[in-house]
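Peer 1: This structure is in structure tokens; I'll ask about it shortly.
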Amino acid sequence: MKLDLSFYRRDDVLQIGKDLLGKYLFTKINGEITGGMIVETESYMGAVDKAAHSYGNRRTERTEVMYQPGGVSYVFLCYGIHSLFNVITNEKDIPEAVLIRAVKPTHGIDTILRRRNKTKLQRNVAGGPGMLSQALGIDRNHDGLNLTGDTVWIEDLDVKISENDILRSPRVGVDYAQEDADNPWRYRIKGSEWTSPAK
DNA sequence: TGGCTGATGCGA
DNA sequence: CGCATCAGCCAA
């Protein structure tokens with residue numbers, strides 16, 4: 001069942017980051033449906049998080065979608081190469097987001113392998129935010145899309161992840177964020193071989 | 001361990 | 001405008 005807006009609009013981006021583990025991210029692009037189970041996320045606490053683009057309620061052309069009500073996508077280009085896919089959460093004007101970092105491919109495997117130019121299904125197909133976007137065909141054309149629509153959406157397929165199955169650790173690549181750099185807001189499914197490499 | 005790659009956002 | 005910066009990936 002597709003997650004509805006009430007899932008995204010809760011006032012707890014850390015909980016949403018954990019709740020997204022075990023959910024399924026789908027895209028339908030040029031008629032091809034691809035998807036996988038979310039195994040790794042990072043939460044960004046908006047205005048009070050120095051690692052977030054929206055720290056201090058900074059508003060720019062790029063961050064504007066973060067101020068929309070929860071339930072839309074936020075896709076931005078990182079290091080000039082990688083499209084990174086995020087989910088916007090909370091109510092209007094509260095710019096919080098969850099970065100989806102890794103999925104286990106489950107639907108449309110042939111298409112995913114073709115997009116990634118791989119022949120074998122393993123971690124390096126979608127185990128990292130840049131690879132994940134490429135695998136599912138996500139680019140900046142998919143910025144600001146409604147996640148209850150039929151291009152990019154997330155489903156609950158009744159996979160239950162308990163608190164004990166969740167690994168917490170500091171987020172990746174946010175050394176510049178000073179006191180927020182160490183917050184353990186990166187979540188992975190314990191024991192999954194599909195997450196980006198452990199540190 | 002570096003090189004690649006280019007939009008972004010800041011200051012001049 | 002210019003220019004430093006960046007929520008990564010891959011080959012070695």
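Peer 1: Pick out which of A:Pro69, A:Pro95, A:Pro105 has the largest mean-square fluctuation in a Gaussian network model of chain A, springs linking Cα atoms closer than 10 Å.
Peer 2: Maximum fluctuation in the GNM of chain A, among the listed residues, is at A:Pro69.
Peer 1: I've got another one for you. As a test of the formula, what do you get for chain A when each DSSP H run with n ≥ 4 contributes -39,500 (n - 2.57) and the sum is divided by the residue count, at 222 nm and rounded to the nearest 500 deg cm²/dmol?
Peer 2: Only helices count here, giving -3500 deg cm²/dmol.
Peer 1: My understanding is that a pair violates if its Cα-Cα distance is over 25 Å; which of A:Lys2/A:Lys92; A:Lys28/A:Lys190; A:Lys18/A:Lys120; A:Lys28/A:Lys92 do that in this structure?
Peer 2: Going by Cα-Cα distance, A:Lys28/A:Lys190; A:Lys18/A:Lys120; A:Lys28/A:Lys92 fall outside the 25 Å limit.
Peer 1: Compare the Cα positions of A:Ile100, A:Ile112, A:Val159 along the charge dipole of chain A (+1 at Cβ of Lys, Arg; -1 at Cβ of Asp, Glu; about the Cα centre) and return the one farthest towards the positive end.
Peer 2: Result: A:Ile112.
Peer 1: I'd like the Karplus ³J(HN,Hα) series for segment A:88-105: coefficients 6.51, -1.76, 1.60, θ = phi - 60°, whole numbers in Hz, and an x wherever there's a Gly or Pro.
Peer 2: Here the 3J(HN,Hα) series is 7, 10, 6, 7, 3, 6, 10, x, 10, 8, 10, 7, 8, 9, 7, 10, 9, x Hz.
Peer 1: Is the shape of chain A best called rounded, prolate or oblate, per the rule: a/c under 1.5 gives rounded, else a/b larger than b/c gives prolate, else oblate, with a ≥ b ≥ c the square roots of the Cα gyration tensor eigenvalues?
Peer 2: The shape class here is rounded.
Peer 1: Further question on the same structure: Among A:Tyr44, A:Tyr55, A:Tyr24, rank each residue by its count of other Cβ atoms within 10 Å, from fewest to most, as a rough exposure measure.
Peer 2: Result, fewest neighbours first: A:Tyr55, A:Tyr24, A:Tyr44.
Peer 1: Once you charge only the Cβ atoms, +1 for Lys and Arg and -1 for Asp and Glu, what is the size of the charge dipole of segment A:5-189 about its Cα centre, to the nearest 20 debye?
Peer 2: The calculation lands at about 700 debye.
Peer 1: Among DSSP beta bridges lying fully in chain A, give the percent that are antiparallel, nearest 5.
Peer 2: 100 percent
Peer 1: Taking a spot 7 Å from the Cα of A:Arg140 along the direction of its beta carbon, which residues of segment A:69-85 have an amide N less than 12 Å from it?
Peer 2: Label zone hits: A:75-84.
Peer 1: Same structure, new question: Pop out the ³J(HN,Hα) list for segment A:8-15 in order, Karplus 6.51 cos²θ - 1.76 cosθ + 1.60 with θ = phi - 60°, rounded to Hz; leave Gly and Pro as x.
Peer 2: My calculation for segment A:8-15 gives 7, 8, 5, 8, 6, 5, 5, 5 Hz in order.
Peer 1: Compute the relative contact order of chain A as a whole-number percentage, counting only Cα pairs closer than 8 Å that sit 6 or more residues apart in sequence.
Peer 2: It rounds to 28 percent for chain A.
Peer 1: From the phi of every residue in segment A:114-127, what ³J(HN,Hα) in whole Hz does the Karplus formula 6.51 cos²θ - 1.76 cosθ + 1.60 yield, where θ is phi - 60° and glycine or proline is x?
Peer 2: 5, 4, 8, 6, 10, 10, 10, 7, 8, 4, 6, 8, 8, x
Peer 1: Considering only A:Ile138, A:Gly17, A:Gly56, whose Cα is most displaced toward the positive end of the charge dipole of segment A:5-189, charges sitting on Cβ of Lys, Arg (+1) and Asp, Glu (-1)?
Peer 2: A:Ile138
Peer 1: Please say if segment A:112-199 is rounded, prolate or oblate, where rounded means a/c under 1.5 for a ≥ b ≥ c the square roots of the C-alpha gyration tensor eigenvalues, and otherwise the choice is prolate for a/b larger than b/c and oblate otherwise?
Peer 2: Because its axes are fairly even, with a/c under 1.5, segment A:112-199 counts as rounded.
No lab work stands behind these numbers, since they all come straight from the coordinates. Because the structure is a prediction, the values reported are computed rather than measured. Backbone-built Cβ (ideal geometry, glycine too); neighbour counts: all protein chains shown.
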